[in-house]
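Have a look at the structure below, then the notes.
The values are calculated or read from the model by the stated rules, or taken from the named source; none is laboratory data. These numbers were taken from a predicted model, which means no experiment stands behind them. These accessible areas exclude ligands, DNA and RNA; they are computed on the full protein's heavy atoms, side chains included. Shrake-Rupley method; radii C 1.70, N 1.55, O 1.52, S 1.80 Å.
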Amino acid sequence: MRALHLISDRKLEISEIPAPSPPAEGEVQIKTHAIALNHIDVWGWRGMAFAKRKMPLVVGAEASGEIVAVGAGVKNFKPGDPVTPYGALTCGKCKPCLEGRDNFCENASGVTGFHVDGFAQDFYNYQARLVVPVPKGITPVDASCAPLTFATSVHMLFDNAKLQTGETVLVHAGGSGIGTAAIRLAKDIDAVVITTVGDDEKVLKAKALGADYVINYKTDRFEHTVRKITKKKGVDVVFEHTGADTWEGSLLSLKRGGRLVTCGATSGPAGKINLMQLFQQQYKIFGSFGFTIRNVGEALTKIAKGVKPVIDSEVALADVHSGLEKLESRRVFGKIVVRF
Ligand SMILES: [Zn+2]
(Lines give C-alpha, C1' and ligand atoms only; values in the text may rest on other atoms or scores of the structure.)
Protein backbone atom coordinates (compact mmCIF):
# COMPACT_ATOMS: atom_id res chain seq x y z
CA MET A 1 0.00 0.00 0.00
CA ARG A 2 0.98 3.61 -0.49
CA ALA A 3 2.04 6.15 2.13
CA LEU A 4 3.04 9.76 1.56
CA HIS A 5 6.21 10.33 3.56
CA LEU A 6 7.97 13.56 4.39
CA ILE A 7 11.62 12.57 4.00
CA SER A 8 13.23 15.95 4.70
CA ASP A 9 12.25 19.60 4.31
CA ARG A 10 10.22 20.08 1.12
CA LYS A 11 10.78 16.50 0.12
CA LEU A 12 7.72 14.28 -0.06
CA GLU A 13 7.80 10.78 -1.42
CA ILE A 14 5.14 8.15 -2.12
CA SER A 15 6.50 4.93 -0.61
CA GLU A 16 5.26 1.37 -0.76
CA ILE A 17 4.91 0.03 2.78
CA PRO A 18 3.40 -3.15 4.22
CA ALA A 19 -0.32 -3.01 5.05
CA PRO A 20 -1.07 -2.73 8.77
CA SER A 21 -1.68 -5.87 10.81
CA PRO A 22 -5.29 -6.49 11.91
CA PRO A 23 -6.54 -3.86 14.38
CA ALA A 24 -5.76 -4.52 18.05
CA GLU A 25 -8.30 -4.37 20.85
CA GLY A 26 -10.11 -1.03 20.85
CA GLU A 27 -8.82 -0.15 17.38
CA VAL A 28 -10.36 0.06 13.94
CA GLN A 29 -8.69 -0.18 10.55
CA ILE A 30 -9.52 2.67 8.20
CA LYS A 31 -9.16 2.89 4.42
CA THR A 32 -8.39 6.47 3.41
CA HIS A 33 -10.63 8.20 0.88
CA ALA A 34 -9.38 11.78 0.99
CA ILE A 35 -7.10 14.11 2.91
CA ALA A 36 -7.60 17.87 3.07
CA LEU A 37 -4.48 20.05 3.04
CA ASN A 38 -3.87 22.65 5.74
CA HIS A 39 -1.25 25.23 6.66
CA ILE A 40 0.05 22.75 9.21
CA ASP A 41 1.03 20.57 6.22
CA VAL A 42 2.76 23.53 4.57
CA TRP A 43 4.69 24.25 7.78
CA GLY A 44 5.58 20.61 8.19
CA TRP A 45 6.74 20.47 4.60
CA ARG A 46 8.84 23.64 4.94
CA GLY A 47 10.36 22.33 8.14
CA MET A 48 10.01 23.67 11.65
CA ALA A 49 13.17 23.63 13.72
CA PHE A 50 11.36 23.55 17.06
CA ALA A 51 8.96 20.73 16.26
CA LYS A 52 10.04 17.49 17.85
CA ARG A 53 9.40 14.72 15.38
CA LYS A 54 10.93 11.82 13.57
CA MET A 55 11.46 11.54 9.84
CA PRO A 56 10.31 9.98 7.67
CA LEU A 57 6.83 10.96 8.73
CA VAL A 58 3.51 10.08 7.08
CA VAL A 59 1.81 13.44 6.47
CA GLY A 60 -1.92 14.24 6.55
CA ALA A 61 -3.67 15.91 9.49
CA GLU A 62 -7.24 15.87 8.20
CA ALA A 63 -8.91 12.95 6.44
CA SER A 64 -11.95 10.90 5.65
CA GLY A 65 -12.25 7.19 5.08
CA GLU A 66 -14.13 4.01 5.71
CA ILE A 67 -13.88 1.27 8.33
CA VAL A 68 -12.51 -1.98 6.87
CA ALA A 69 -11.97 -3.99 10.08
CA VAL A 70 -12.66 -3.66 13.79
CA GLY A 71 -10.64 -4.97 16.71
CA ALA A 72 -11.91 -6.76 19.80
CA GLY A 73 -14.25 -4.77 22.00
CA VAL A 74 -15.25 -2.26 19.31
CA LYS A 75 -19.05 -2.18 19.23
CA ASN A 76 -19.91 1.16 17.63
CA PHE A 77 -18.33 0.63 14.18
CA LYS A 78 -18.57 -1.99 11.47
CA PRO A 79 -16.87 -2.46 8.10
CA GLY A 80 -18.25 -0.06 5.50
CA ASP A 81 -18.99 2.78 7.94
CA PRO A 82 -17.79 6.18 6.66
CA VAL A 83 -15.67 7.90 9.29
CA THR A 84 -13.22 10.66 10.00
CA PRO A 85 -10.39 10.48 12.54
CA TYR A 86 -9.71 13.05 15.27
CA GLY A 87 -6.19 14.21 14.50
CA ALA A 88 -4.52 14.31 17.91
CA LEU A 89 -3.46 11.39 20.07
CA THR A 90 -5.12 12.31 23.35
CA CYS A 91 -4.96 10.00 26.38
CA GLY A 92 -8.70 9.66 27.00
CA LYS A 93 -8.02 9.39 30.73
CA CYS A 94 -7.00 12.77 32.14
CA LYS A 95 -9.51 15.24 33.62
CA PRO A 96 -9.85 17.41 30.48
CA CYS A 97 -10.31 14.29 28.29
CA LEU A 98 -12.99 12.92 30.62
CA GLU A 99 -14.73 16.29 30.54
CA GLY A 100 -14.73 16.28 26.72
CA ARG A 101 -12.12 19.05 26.52
CA ASP A 102 -9.89 16.93 24.31
CA ASN A 103 -7.76 19.85 23.14
CA PHE A 104 -6.66 20.38 26.77
CA CYS A 105 -5.42 16.77 27.17
CA GLU A 106 -2.53 16.67 29.63
CA ASN A 107 -0.84 13.68 28.03
CA ALA A 108 -1.39 14.16 24.29
CA SER A 109 1.31 12.38 22.33
CA GLY A 110 1.14 14.53 19.24
CA VAL A 111 -0.76 15.90 16.27
CA THR A 112 -1.13 13.36 13.47
CA GLY A 113 0.73 14.23 10.30
CA PHE A 114 2.92 16.66 12.20
CA HIS A 115 4.51 14.99 15.24
CA VAL A 116 3.35 11.45 14.61
CA ASP A 117 2.37 9.55 11.45
CA GLY A 118 -0.71 11.00 9.79
CA PHE A 119 -3.46 9.84 7.47
CA ALA A 120 -1.89 10.10 4.00
CA GLN A 121 -1.69 6.33 3.61
CA ASP A 122 -4.06 3.79 2.11
CA PHE A 123 -4.80 2.00 5.41
CA TYR A 124 -4.04 2.60 9.07
CA ASN A 125 -5.16 1.39 12.49
CA TYR A 126 -6.57 3.97 14.86
CA GLN A 127 -8.11 3.98 18.32
CA ALA A 128 -11.88 3.69 17.91
CA ARG A 129 -12.51 6.30 20.61
CA LEU A 130 -10.81 8.90 18.35
CA VAL A 131 -12.97 8.08 15.32
CA VAL A 132 -16.13 10.00 14.45
CA PRO A 133 -18.93 8.52 12.28
CA VAL A 134 -19.84 10.46 9.13
CA PRO A 135 -23.59 10.93 8.57
CA LYS A 136 -25.17 9.59 5.36
CA GLY A 137 -25.07 11.77 2.28
CA ILE A 138 -21.74 13.51 2.95
CA THR A 139 -19.16 12.90 0.22
CA PRO A 140 -15.67 11.72 1.22
CA VAL A 141 -14.24 15.03 -0.04
CA ASP A 142 -16.60 17.11 2.12
CA ALA A 143 -16.08 14.78 5.11
CA SER A 144 -12.32 15.26 4.85
CA CYS A 145 -12.78 18.96 5.72
CA ALA A 146 -14.78 18.31 8.90
CA PRO A 147 -12.17 17.15 11.42
CA LEU A 148 -9.90 20.18 11.26
CA THR A 149 -11.16 22.99 9.02
CA PHE A 150 -14.78 22.97 10.13
CA ALA A 151 -14.26 21.76 13.69
CA THR A 152 -11.65 24.49 14.33
CA SER A 153 -14.06 27.14 13.08
CA VAL A 154 -16.97 25.70 15.09
CA HIS A 155 -14.81 25.73 18.23
CA MET A 156 -13.63 29.30 17.63
CA LEU A 157 -16.97 30.85 16.69
CA PHE A 158 -19.35 29.04 19.03
CA ASP A 159 -17.40 27.55 21.99
CA ASN A 160 -14.99 30.46 22.42
CA ALA A 161 -16.40 33.64 20.86
CA LYS A 162 -20.03 32.56 21.43
CA LEU A 163 -21.21 34.25 18.24
CA GLN A 164 -24.95 34.92 18.30
CA THR A 165 -27.57 35.42 15.59
CA GLY A 166 -27.64 39.04 14.43
CA GLU A 167 -24.13 39.86 15.67
CA THR A 168 -21.44 41.14 13.32
CA VAL A 169 -18.27 39.12 12.77
CA LEU A 170 -15.09 40.08 10.92
CA VAL A 171 -13.57 36.97 9.30
CA HIS A 172 -9.99 37.38 8.15
CA ALA A 173 -8.75 35.73 4.96
CA GLY A 174 -12.19 34.83 3.71
CA GLY A 175 -10.72 32.78 0.88
CA SER A 176 -8.77 30.44 3.15
CA GLY A 177 -10.00 27.03 4.27
CA ILE A 178 -11.08 28.10 7.73
CA GLY A 179 -12.11 31.56 6.45
CA THR A 180 -14.60 30.03 4.01
CA ALA A 181 -15.82 27.66 6.73
CA ALA A 182 -16.28 30.54 9.19
CA ILE A 183 -18.26 32.59 6.65
CA ARG A 184 -20.62 29.66 5.99
CA LEU A 185 -21.01 28.81 9.69
CA ALA A 186 -21.67 32.43 10.67
CA LYS A 187 -24.21 32.92 7.88
CA ASP A 188 -25.91 29.68 8.93
CA ILE A 189 -26.90 31.36 12.22
CA ASP A 190 -27.73 34.65 10.44
CA ALA A 191 -24.80 36.67 11.70
CA VAL A 192 -23.62 39.66 9.65
CA VAL A 193 -20.29 38.78 8.01
CA ILE A 194 -17.54 41.17 7.02
CA THR A 195 -14.54 39.47 5.46
CA THR A 196 -11.15 40.38 4.03
CA VAL A 197 -9.54 38.95 0.89
CA GLY A 198 -6.41 39.76 -1.11
CA ASP A 199 -7.72 40.24 -4.66
CA ASP A 200 -10.81 41.34 -6.59
CA GLU A 201 -11.60 37.87 -7.90
CA LYS A 202 -11.85 36.64 -4.31
CA VAL A 203 -14.13 39.59 -3.49
CA LEU A 204 -16.71 38.17 -5.92
CA LYS A 205 -16.26 34.62 -4.61
CA ALA A 206 -16.63 35.67 -0.97
CA LYS A 207 -19.81 37.58 -1.84
CA ALA A 208 -21.16 34.54 -3.65
CA LEU A 209 -20.47 32.56 -0.48
CA GLY A 210 -22.78 34.83 1.48
CA ALA A 211 -20.46 37.41 3.05
CA ASP A 212 -22.38 40.67 3.54
CA TYR A 213 -19.33 42.90 3.11
CA VAL A 214 -16.00 42.02 1.49
CA ILE A 215 -12.88 44.16 1.87
CA ASN A 216 -9.84 43.85 -0.41
CA TYR A 217 -7.13 44.39 2.23
CA LYS A 218 -4.54 45.10 -0.46
CA THR A 219 -6.39 48.24 -1.59
CA ASP A 220 -8.26 49.30 1.58
CA ARG A 221 -7.29 49.49 5.26
CA PHE A 222 -9.72 46.93 6.62
CA GLU A 223 -10.02 48.51 10.08
CA HIS A 224 -11.17 51.82 8.53
CA THR A 225 -13.71 50.09 6.31
CA VAL A 226 -15.00 48.02 9.23
CA ARG A 227 -15.59 51.19 11.23
CA LYS A 228 -17.45 52.73 8.27
CA ILE A 229 -19.61 49.63 7.76
CA THR A 230 -20.47 49.41 11.48
CA LYS A 231 -21.07 53.19 11.77
CA LYS A 232 -18.01 53.55 14.04
CA LYS A 233 -19.25 50.94 16.50
CA GLY A 234 -16.99 48.05 15.55
CA VAL A 235 -17.80 44.36 15.29
CA ASP A 236 -18.91 41.95 18.01
CA VAL A 237 -16.41 39.26 17.05
CA VAL A 238 -13.13 39.13 15.12
CA PHE A 239 -12.10 35.73 13.72
CA GLU A 240 -8.29 35.97 13.61
CA HIS A 241 -5.84 33.48 12.17
CA THR A 242 -3.51 35.67 10.15
CA GLY A 243 -1.42 37.15 12.99
CA ALA A 244 1.10 39.97 12.88
CA ASP A 245 -0.19 41.69 9.72
CA THR A 246 -3.73 42.12 10.99
CA TRP A 247 -3.48 41.99 14.80
CA GLU A 248 -3.57 45.72 15.64
CA GLY A 249 -6.25 46.41 13.03
CA SER A 250 -8.28 43.53 14.40
CA LEU A 251 -8.28 45.02 17.89
CA LEU A 252 -9.25 48.42 16.45
CA SER A 253 -12.15 46.74 14.64
CA LEU A 254 -13.78 45.48 17.85
CA LYS A 255 -16.65 47.24 19.53
CA ARG A 256 -16.63 47.85 23.29
CA GLY A 257 -16.76 44.47 24.96
CA GLY A 258 -16.02 42.77 21.63
CA ARG A 259 -14.47 39.31 21.43
CA LEU A 260 -11.40 38.39 19.43
CA VAL A 261 -10.68 34.72 18.84
CA THR A 262 -7.44 33.58 17.24
CA CYS A 263 -6.05 30.24 16.15
CA GLY A 264 -3.14 31.16 13.95
CA ALA A 265 -0.32 33.46 13.00
CA THR A 266 0.52 32.67 9.39
CA SER A 267 1.90 36.20 8.82
CA GLY A 268 4.04 36.18 11.99
CA PRO A 269 3.72 35.50 15.71
CA ALA A 270 4.33 38.93 17.30
CA GLY A 271 1.57 41.52 17.70
CA LYS A 272 1.36 44.71 19.77
CA ILE A 273 -1.43 45.43 22.17
CA ASN A 274 -2.40 48.72 23.79
CA LEU A 275 -3.24 47.74 27.35
CA MET A 276 -5.30 50.88 27.98
CA GLN A 277 -7.38 50.06 24.92
CA LEU A 278 -7.72 46.45 26.16
CA PHE A 279 -9.18 47.32 29.54
CA GLN A 280 -11.01 50.51 28.66
CA GLN A 281 -12.76 48.84 25.75
CA GLN A 282 -13.26 45.66 27.82
CA TYR A 283 -12.12 43.37 25.02
CA LYS A 284 -12.14 39.63 25.47
CA ILE A 285 -9.34 37.75 23.70
CA PHE A 286 -9.52 34.00 23.20
CA GLY A 287 -6.64 31.80 22.13
CA SER A 288 -8.09 28.77 20.39
CA PHE A 289 -6.05 25.68 19.65
CA GLY A 290 -7.58 22.68 17.99
CA PHE A 291 -11.06 21.50 18.87
CA THR A 292 -12.85 18.70 20.64
CA ILE A 293 -14.13 15.38 19.31
CA ARG A 294 -17.63 16.77 19.92
CA ASN A 295 -16.79 19.67 17.57
CA VAL A 296 -16.05 17.18 14.76
CA GLY A 297 -19.54 15.72 15.19
CA GLU A 298 -21.04 19.22 15.23
CA ALA A 299 -19.11 20.10 12.07
CA LEU A 300 -20.41 16.98 10.31
CA THR A 301 -23.98 17.79 11.39
CA LYS A 302 -23.61 21.27 9.86
CA ILE A 303 -22.20 19.80 6.64
CA ALA A 304 -25.04 17.24 6.48
CA LYS A 305 -27.60 20.04 6.61
CA GLY A 306 -25.94 21.82 3.70
CA VAL A 307 -23.29 24.10 5.26
CA LYS A 308 -20.73 22.60 2.90
CA PRO A 309 -16.99 23.12 2.66
CA VAL A 310 -15.75 25.20 -0.25
CA ILE A 311 -13.49 23.00 -2.35
CA ASP A 312 -10.89 24.92 -4.38
CA SER A 313 -9.55 21.82 -6.10
CA GLU A 314 -9.00 18.10 -5.87
CA VAL A 315 -5.57 16.67 -6.67
CA ALA A 316 -4.23 13.14 -7.02
CA LEU A 317 -1.77 11.81 -4.46
CA ALA A 318 1.08 12.11 -6.96
CA ASP A 319 0.34 15.85 -7.35
CA VAL A 320 0.38 16.75 -3.67
CA HIS A 321 3.38 19.08 -4.21
CA SER A 322 1.36 21.29 -6.51
CA GLY A 323 -1.41 21.39 -3.90
CA LEU A 324 0.98 22.46 -1.15
CA GLU A 325 2.62 25.06 -3.39
CA LYS A 326 -0.77 26.49 -4.27
CA LEU A 327 -1.74 26.64 -0.59
CA GLU A 328 1.55 28.25 0.38
CA SER A 329 1.18 30.94 -2.31
CA ARG A 330 -2.47 31.54 -1.22
CA ARG A 331 -3.71 31.13 -4.79
CA VAL A 332 -6.66 29.24 -3.36
CA PHE A 333 -10.26 29.81 -2.48
CA GLY A 334 -11.37 27.13 -0.05
CA LYS A 335 -9.84 23.72 0.45
CA ILE A 336 -7.44 21.62 -1.57
CA VAL A 337 -8.26 17.94 -1.16
CA VAL A 338 -6.06 14.98 -2.11
CA ARG A 339 -8.05 12.02 -3.44
CA PHE A 340 -6.92 8.49 -2.68
ZN1 LIG B 1 -6.04 13.34 28.17
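A few comments on the model shown:
- Accessible heavy-atom area order of Thr149, Thr262, highest first, probe of 1.4 Å: Thr262, Thr149
- The chain: calculated mean residue ellipticity at 222 nm from DSSP helix runs of at least 4, using -39500 (n - 2.57): -6500 deg cm²/dmol
- Close lysine pairs were tallied over the stretch 1-144: pairs 8 or more places apart or on different chains with Cα atoms under 19 Å apart number 6.
- Each part gets one Cα centre, and for the stretch 85-135 versus the stretch 231-310 those centres are 25 Å apart.
- Percentage relative contact order, the stretch 178-255, counting C-alpha pairs under 8 Å, at least six apart: 23 percent
- Global form of the stretch 196-275, assessed from the alpha-carbon gyration tensor, a/c cut-off 1.5: oblate
- Antiparallel beta bridges, as assigned by DSSP with both residues in the chain, represent about 55 percent of the total such bridges.
- Residue among Pro309, Pro96, Pro147 with the largest mean-square fluctuation in a Gaussian network model of the chain, springs linking Cα atoms under 10 Å: Pro96
- Close lysine pairs were tallied over the stretch 220-340: pairs 8 or more places apart or on different chains with Cα atoms under 18 Å apart number 10.
- In percent, rounded to a whole number, the relative contact order of the stretch 78-117 is 37, using alpha-carbon pairs under 8 Å and six or more apart.
- Accessible-area rank, largest first, for Met156, Met276, Met1: Met276, Met1, Met156, with all protein chains present and a 1.4 angstrom probe.
- Counting only aspartates and glutamates at least 8 places from Lys162 when in the same chain, those with an alpha carbon closer than 18 Å to its own are Asp188, Asp190, Asp236, Glu240, Glu298.
- The largest accessible area among Phe289, Phe333 belongs to the first residue in Phe289, Phe333, and the rest follow in falling order (1.4 Å probe, all chains).
- Amide H partners (placed H, <5 Å) of Val315, local residues excluded: Val337, Val338, Arg339
- Summarising the amide proton neighbourhood of Val235: residues at separation of 5 or more, or on other chains, whose placed amide H is nearer than 5 Å comprise Leu254, Lys255.
- For the chain, relative contact order (Cα pairs under 8 Å, six or more residues apart, normalised by length) works out to 19 percent.
- Here the chain has 55 percent of its accessible surface on carbon and sulfur atoms, given a 1.4 Å probe and all protein chains in place.
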